[in-house]
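Accompanying notes for the structure given below.
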Amino acid sequence: MTQTTQHLAHLNVLISGASVAGPALALNLARYGARVTVVEKAPALRGGGFAVDFRGHVHRTVLTAMGIRDDVHAHQTHMGRQIVVDADGTPRVDLPAEMMSGDVEILRGDLSRIMYERTKDTVEYVFGDSVATLTQNDGGVDVTFEHGAPRRFDLVVGADGLHSLTRRLVFGDESRYLRFLDHYVAGFALPNHLGLERTGRVYSEPGRAIALGHSGGDPDRAGALLVFRSERLAYDRRDTAAQKKILAERFAGMGWEAPAVLTALENTEDLYFDAIAQIHVDRLVEGRVALLGDAGYGATMGGMGTGAAIVGAYVLAGELALAGGDHRTAFAEYEARIRPFAKGCQKISGNAGPFFAPATERGIRNRDRMYRLLASRPLARFFKRLTEKAATDIRLREYPGCGR
Ligand SMILES: Cc1cc2nc3c(=O)[nH]c(=O)nc-3n(C[C@H](O)[C@H](O)[C@H](O)COP(=O)(O)OP(=O)(O)OC[C@H]3O[C@@H](n4cnc5c(N)ncnc54)[C@H](O)[C@@H]3O)c2cc1C
């Protein structure tokens, strides 16, 4: 059981971003008595996104120390097998749940809400606003906002995702850090017209793939995941209509359930659309500003980004508590511990694009052959050990109040 302490009662921290990394850090800092403000650009906590998973003893320890392990288990998806199908729906390969879903799988939106609910009475959440400028000096960070009045904080943490504004303002332009991996991914909820029940189907044509899945909850709703291979596209990230248009063009003429998926796409309001990319920064901290989660070491898809964000939040808060709030010591420790760990997770996440959407027919056949091998018992165990190795490749220190 975790305890609340007053190690950081004198500290006033701003976190930019309220998805996974932001609320996770808020929760950890609040346990040490810090005053925390989270600013989120979206007008409310964002739902949506598909399943994210946790695996291995490090994730388990962190979820337990944060006091959310039971809640995460209570909301887990219980996703079953995923089946790779032909254009007419005939199964080609059967992928066992344990290979795809880690030890415990939860919808990103549910995870975010659990941490938000735990912190909303002790942490100040400001929705519908964003940092505009950050100016550091010896005593603190002066922050102006797009809407709210200027304020001063002891520390600022950028947990604002792959396209982090904090990173751009303090560390430099995104083009220096974002490695585009030749694919885009989209996700949204849609009617469960196949009547799937805790299972998924994946269909690929050269350079594009659609996965449909139902992972629990409302039996009438399913999730769609669309992946396509592409050169870099120029589009406005706030313009959902433009993103829908791109998807409609890229998936036009595709077989299997594509026509139904494209019809549902027209009506969706919760579209997630992004490049498959990784973030590689040369440092995670600069003075009183630190990067956390996807902002510092993101990897779209692959299942390790969320675990890395949670572990990062736990270590950052723990190091601050150990150092009595001295950010120089704590940030240096955070950087030294998290960078190699996050790099290992990124390596394993690799590039999910070609797995979903191999570029050629031959590539699809080779992928399916590999899936068949991986789905066999001994190799599935090997695959699990491999991902678990990266997810556990960090020695957690004993932090105040964590009683490990
Ligand atoms: C709606 C949504 C759906 C997602 N769906 C998937 C998915 O299906 N598959 C997948 O692999 N990953 C998905 N992700 C990414 C996934 O959540 C992360 O890879 C991982 O959990 C690490 O989370 P993060 O908090 O570091 O970054 P993110 O989850 O990307 O969160 C960043 C947060 O910062 C906010 N933000 C951005 N700019 C600003 C700003 N200027 N000021 C204030 N706030 C800002 C964003 O609105 C967002 O809430 C999704 C993210 C979101 C927000």
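The values are calculated or read from the model by the stated rules, or taken from the named source; none is laboratory data. What you see is a predicted model; the values in this text were computed from it and never measured. Reconstructed Cβ throughout: ideal geometry from the backbone, glycine too, with neighbour counts over all protein chains shown. For accessibility, only protein heavy atoms count, side chains too; no ligands or nucleic acids. Shrake-Rupley method; radii C 1.70, N 1.55, O 1.52, S 1.80 Å.
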Selection count, segment 45-66, where residues are more than 16 Å from the chain's Cα centre (by Cα) and open to solvent by 30 Å² or more (accessible area, probe 1.4 Å): 4
List every residue pair whose Cβ atoms sit under 9 Å apart, with the two residues 6 or more apart in sequence or on different chains, where the first one lies in segment 103-117 and is closer than 10 Å to residue 50 by Cα and the second, anywhere, is part of a helix (DSSP H, G or I) and open to solvent by 60 Å² or more (accessible area, probe 1.4 Å). 106/73
Being surrounded by fewer than 22 Cβ atoms within 10 Å (Cβ to Cβ), of a type in the set (A, V, I, L, M, F, W, C) and within 25 Å of residue 189 (Cβ to Cβ) is the requirement here; does residue 42 meet it? yes
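Kindly indicate which of 371, 399 is crowded, with 22+ Cβ neighbours inside 10 Å and among the hydroxyl-bearing types (Ser, Thr, Tyr).
Matching residue, one of 371, 399: 399.
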Does any residue of segment 317-326 turn out to be touching a Ser or Thr at 6+ places or on another chain (Cβ under 7 Å) and over 25 Å from residue 65 (Cβ atoms)? no
(1) within 13 Å of the ligand (Cβ to nearest atom); (2) open to solvent by less than 10 Å² (accessible area, probe 1.4 Å); (3) within 20 Å of residue 351 (Cβ to Cβ) all hold for residue 209 apart from (1)
What number of residues within segment 282-296 are open to solvent by 10 Å² or more (accessible area, probe 1.4 Å) and either under 17 Å from residue 175 (Cβ atoms) or in a loop (DSSP other than H, G, I, E, B) (or both)? 5
For the list (1) outside any helix (DSSP H, G or I); (2) modelled with pLDDT of 90 or more; (3) farther than 26 Å from residue 186 by Cβ, I need the number of the one condition that residue 358 fails. (3)
What is the one condition in (1) in contact (Cβ under 8 Å) with a residue 12 or more places away in the chain; (2) of a type in the set (S, T, N, Q); (3) more than 16 Å from the ligand (Cβ to nearest atom) that residue 329 does not satisfy? (1)
For segment 4-73, which strands (runs of 3 or more DSSP E) that fit wholly inside it have 3 or more residues that are within 15 Å of the ligand (Cβ to nearest atom), of a type outside the set (D, E, K, R) and over 15 Å from residue 158 (Cα atoms)? 51-54
Which one of the conditions (1) under 22 Å from the mean Cα position of the chain (by Cα); (2) modelled with pLDDT under 95 does residue 2 fail to meet, given that it meets all the rest? (1)
Taking residue 238, is it within 16 Å of the ligand (Cβ to nearest atom) and of a type outside the set (A, V, I, L, M)? yes
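Listed here are the residues, each with its yes/no results for (1) open to solvent by less than 30 Å² (accessible area, probe 1.4 Å); (2) β-branched (Val, Ile, Thr); (3) assigned to a loop (DSSP other than H, G, I, E, B); (4) on the phi < 0 side of the Ramachandran plot.
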{"site": "77", "(1), (2), (3), (4)": "yes, yes, yes, yes"}
{"site": "92", "(1), (2), (3), (4)": "no, no, no, yes"}
{"site": "109", "(1), (2), (3), (4)": "yes, no, no, yes"}
{"site": "126", "(1), (2), (3), (4)": "no, yes, no, yes"}
Yes or no: segment 265-275 includes at least one residue that is assigned to a strand (DSSP E or B), in contact (Cβ under 8 Å) with a residue 40 or more places away in the chain, within 12 Å of the ligand (Cβ to nearest atom) and open to solvent by 20 Å² or more (accessible area, probe 1.4 Å). yes
Residue identified as of a type in the set (Asp, Glu) and more than 30 Å from residue 84 (Cα to Cα) among 103, 129, 110: 129
Could you count how many residues in segment 251-264 are open to solvent by 70 Å² or more (accessible area, probe 1.4 Å) and either of a type in the set (Val, Ile, Thr) or touching a strand residue (DSSP E or B) at 6+ places or on another chain (Cβ under 7 Å) (or both)? 1
Open to solvent by 40 Å² or more (accessible area, probe 1.4 Å) and either among the charged types (D, E, K, R) or in a strand (DSSP E or B) (or both), is that true of residue 142? yes
Starting from segment 150-169, keep only residues that are within 9 Å of residue 294 (Cα to Cα), then list their pairs with residues that are more than 7 Å from the ligand (Cβ to nearest atom) whose Cβ atoms are within a distance under 6 Å, requiring at least 6 positions of separation or different chains. 159/15; 160/166; 164/158
Among residues of segment 131-183 being more than 26 Å from residue 43 (Cα to Cα) and acidic (Asp, Glu), the residue farthest from the ligand (Cβ to nearest atom) is 138
Residue list for segment 314-347, filter: buried (at least 18 other Cβ atoms within 10 Å of the Cβ) and of a type in the set (Val, Ile, Thr): 315, 338
The condition from (1) open to solvent by 30 Å² or more (accessible area, probe 1.4 Å); (2) on the phi > 0 side of the Ramachandran plot that residue 216 misses is numbered (1)
Report whether or not residue 83 is of a type in the set (A, V, I, L, M, F, W, C) and either open to solvent by 50 Å² or more (accessible area, probe 1.4 Å) or under 20 Å from the mean Cα position of the chain (by Cα) (or both). no
